[in-house]
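One structure below.
The values are calculated or read from the model by the stated rules, or taken from the named source; none is laboratory data. Just so it is clear, the structure is predicted and the values come from calculations on it, not from any experiment. As a convention, Cβ positions derive from the backbone with ideal geometry for all residues, glycine included, and neighbour counts pool all protein chains shown. To get the accessible areas, we keep the full protein, side chains included, count just its heavy atoms, and leave off ligands, DNA and RNA. Shrake-Rupley method; radii C 1.70, N 1.55, O 1.52, S 1.80 Å.
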Amino acid sequence: NFDRGPVVPTTPLVTFLECVQETALATFGQKDFDPKLYVDLSLKSNLSTTVTAFHKLPRNATGSVLVPDFKEFLHEYFDGVGDDLVYAEPPDFVPEPDGFLPKVKNPQVRAWALEVHALWKNLSLRVSGSVLNRPEFHTLLPLPRPFVIPGSRFTEFSDVEDIFFFSNVKALLASKMYMTAKAIVTNLISLIDTYGYVLNCARAYCTNRSQPPIFSAMVYDIYNRTGDLDLVKKALPALLKEHQFWNSGIHKVNVQEDHGRNHTLKLPEHEDKAHASKHLNAYEKEQFYRELASTAESGWDFSTRWMRNTSDFSTLAITSILPVDLNIFILKMELDIASMAQIVGDNRTAESFLKAAQARKQAINSVFWNEEKGQWLDYWISNGTSSQECRRWKASNQNNNAFASNFVPIWIDLFNSDTCIVEKVRKSFQSSGLLGAAGIATSLTRSGEQWDFPNGWAPLQHMIVEGFAKSGSQEAKSMAQDIVMRWINSNYVAYKETGAIHEKYDVEKCGDIGGGGEYIPQTGFGWSNGVVLAFLEEFGWPKDLKIGCNWVMHCGDEL
C-alpha cells in the first residue's frame, strides 16, 4: 500500500560495485564475506575503464572468477577500503580535561575513564582530498568537517544512526570536546541541506535512506552546555527541513480511536538473497528488499520486533508497523524545535511546534499506550488500505512482546514528569524480564539477531536510565542507578579482558560481549564509549565503591 517503487542503486558507481560484490560472494564464498567491503571501494581510474576490465574477467557457469584473477583485479583497479579517509587530530582533545568527571572519586574507575576518553583520538577522521576533488571515484560523500566514527567496519560518518551521534555528543561534552561535538552538527546540517534529512550513512548508497531523527537532541544538548546561540541559529533551518521530511505524506498513517478522534503517526520510510529466495515472485522479492532497507533505517537491524513470524527472517514487515521509538524521536524533535525557536525569538514557530508536540503526545498515548501492561507498544497496521485512509484502532494490533523500545518514551520530559505514569512504567519494567545481570536486553526472544536477547545496546540503556533518573520518583531514580551499575561494571570487565570497548554486550552475564547478527561484533566503539562517559559524568563513582563483576549494591547506597 505504501509502495514508493523499488529500492534502486543511487549512482552508476554503486550499481557497478553491487556487481563486484556479487562476484566476490561467488568467488570467495560466504565464509568471512562482508558485503560492505565491496560497496565501500574507491576507484583508481575512471569507471568505464574499470567496468571494461571487470567484464573481461573469465568466469565459470556460476559467475565466479578464479581467486587469483579477482584479487589481482581488485588490487589493480581499486584503492584499499579506508583510503578515502585520513586521520584528523581532534583540536580540542587533551589527555585530562579540566573538570573531567568530577563525581568519579574512585582512582581505578577514573583511570579507566581516562583510557576511554583517550579513544576519541583513534576515532577521529576526515574525508581525503581525493573525495573532495574526484567524488565520482568514491561512494563516500564529501563532508566539510572532521568527524568521529563508530569503529571497526563502520569507518564513515553517520554509519550507524543518529542515536550513535546523540550518545557521542553527550560523551564529547563530558570530555569537554565542544568543537568536535559542534563539527558533528555541522556535518549533519550539510547532509540535511543536500538531501533533506540525515542519511543512514555518508555513502552514495545511503542517499535514499533516512535514519532515526535525534539531530535536534544533539543541538539542544550542545546549546545547554555551551550557550552557543549561533549554533542554534545555524541548525534551526535544517531542523525545520528535517521535520518537514518526517511529516511528508509517505510517512503518515491516520488511526482513529473508538470515540472517533483521529491521530497521525509515522511509519519507517522505506541484501539478503538467501532469505529473498523464499519469496516466489519478483514483486515479493522486491518487497522483501524494501523491508530490509527500511529495517536498516530503523537502527534495529535486525530484530524479531519487525517479523510477522519471529522464527522466519523472510517475514520482515517493518513497513506495516508504527514504531513507538520513531514517533517519540519526532516528538522530541518538535519539543526541541519549540524550545530553540523561543531561544532565537521566533515565537510563532515555537507556538506551532508546541501545539504539534501536544497533538503527538496525545496520539502516542492513544495508539501505543497499554494501561494493563504499563508500556507503550508498537502498533501493526493492516494491509489493503491506502496511506490516506483512516484505520480504526484495535487493541489486538498492539505488539504485546517485550522490547526495550516499549520504555523509550520515559526519556521524554512530557512523560517522566508524570509521577503516575513513571510509577506504572517502573513497575512494568521491573517485571518485564528485560533487566539482566549486566543491563537491559533489547528483547526477550533469543533469535540470533543482534537486536534481540541477550544483547544490550548502549543508547537504549542511556535513554531509559536518563528518563527514570529525571523523574520525581525515588524508586525510579534508584532503579536508574542500578542499571548504571550493571552496565558500567560489565563494560569495565570486558574492557580489562579484551582491551576494547564493544558495540554491544550480553546482558545475561557481567563482562560478556554481545553476538549474533549479520557481521562480526565490532569494537571501537563510539556509542558504547559515549554512554560510559555520560553515565560516569551524571552518576559518578564513590571512592570506596569497588568496580567489577562481584559488586553488590546495598539498599540505600547511592552513586
> Hey, what did the stretch 1-81 get for relative contact order, percent, Cα under 8 Å, at least 6 apart?
Replying inline: 36
> Based solely on its DSSP helices, what 222 nm [θ] is calculated for the chain when runs of n ≥ 4 H residues each add -39,500 (n - 2.57) and the sum is averaged over all residues, nearest 500 deg cm²/dmol?
Replying inline: -14500 deg cm²/dmol
>> Full-extension gain between residue 355 and residue 315, please, as 0.36 nm times their residue separation minus the C-alpha to C-alpha distance.
In response: 10.6 nm
> Can you pull the three principal axis extents for the Cα set of the stretch 82-539, in Å, largest first?
Replying inline: 59, 56, 53
>> Using square roots of five times the C-alpha gyration tensor eigenvalues, list the equivalent-ellipsoid semi-axes of the stretch 331-381 in whole Å, biggest first.
In response: 29, 9, 8
>> Through the Karplus equation 6.51 cos²θ - 1.76 cosθ + 1.60, θ set to phi - 60°, convert the phi angles of the stretch 89-104 into ³J(HN,Hα) values in whole Hz; use x for Gly and Pro.
In response: 5, x, x, 10, 7, 10, x, 9, x, 4, x, 6, 6, x, 7, 8
>> Around residue 473, under 12 Å between beta carbons, what's the net of Lys plus Arg minus Asp minus Glu among the other residues?
In response: +2
>> Just to be sure I understand: if I project the alpha-carbon convex hull of the stretch 332-465 onto a plane and average over all orientations, what area do I get in nm²?
In response: 10.5
> Looking at the stretch 287-402, what % of the alpha carbon pairs are farther apart than 26 Å?
Replying inline: 31
>> Straight-line reach only, C-alpha to C-alpha below 18 angstrom: list the lysines that residue 182 could link to, leaving out same-chain residues fewer than 8 apart.
In response: 121, 170, 233, 234
> So what's the net charge close to residue 104: Lys and Arg +1, Asp and Glu -1, counting the other residues with Cβ under 10 Å from its Cβ?
Replying inline: +3
> residue 509: which lysines have alpha carbons under 19 Å from its alpha carbon, excluding same-chain residues fewer than 8 sequence positions away?
Replying inline: 496, 546
> For the stretch 1-81, with equal point scatterers placed on the C-alpha atoms only and solvent neglected, what are the log10 I(q)/I(0) values from the Debye formula at q = 0.21, 0.22 1/Å, to two decimals?
Replying inline: -1.00, -1.09
> When N counts the residues of the stretch 459-503, how does its alpha-carbon radius of gyration compare numerically with 2.2 N^0.38 Å, as a ratio?
Replying inline: 1.33
> What aspartates and glutamates could a cross-link reach from residue 504, if we take a straight Cα to Cα line under 18 Å and drop same-chain neighbours fewer than 8 places away?
Replying inline: 159, 161, 162, 301, 449, 452, 512, 518
> If you project the alpha carbons of the stretch 45-133 onto the principal axes, what extent comes out on each, in Å, largest first?
Replying inline: 66, 32, 15
>> Computing the accessible area with a 1.4 Å probe over protein heavy atoms, can you report the carbon and sulfur percentage for the stretch 82-539?
In response: 49
> Hey, what D do you get for the stretch 388-441 in µm²/s if you plug the Kirkwood alpha-carbon radius into Stokes-Einstein at 4 °C and 1.567 mPa s?
Replying inline: 98
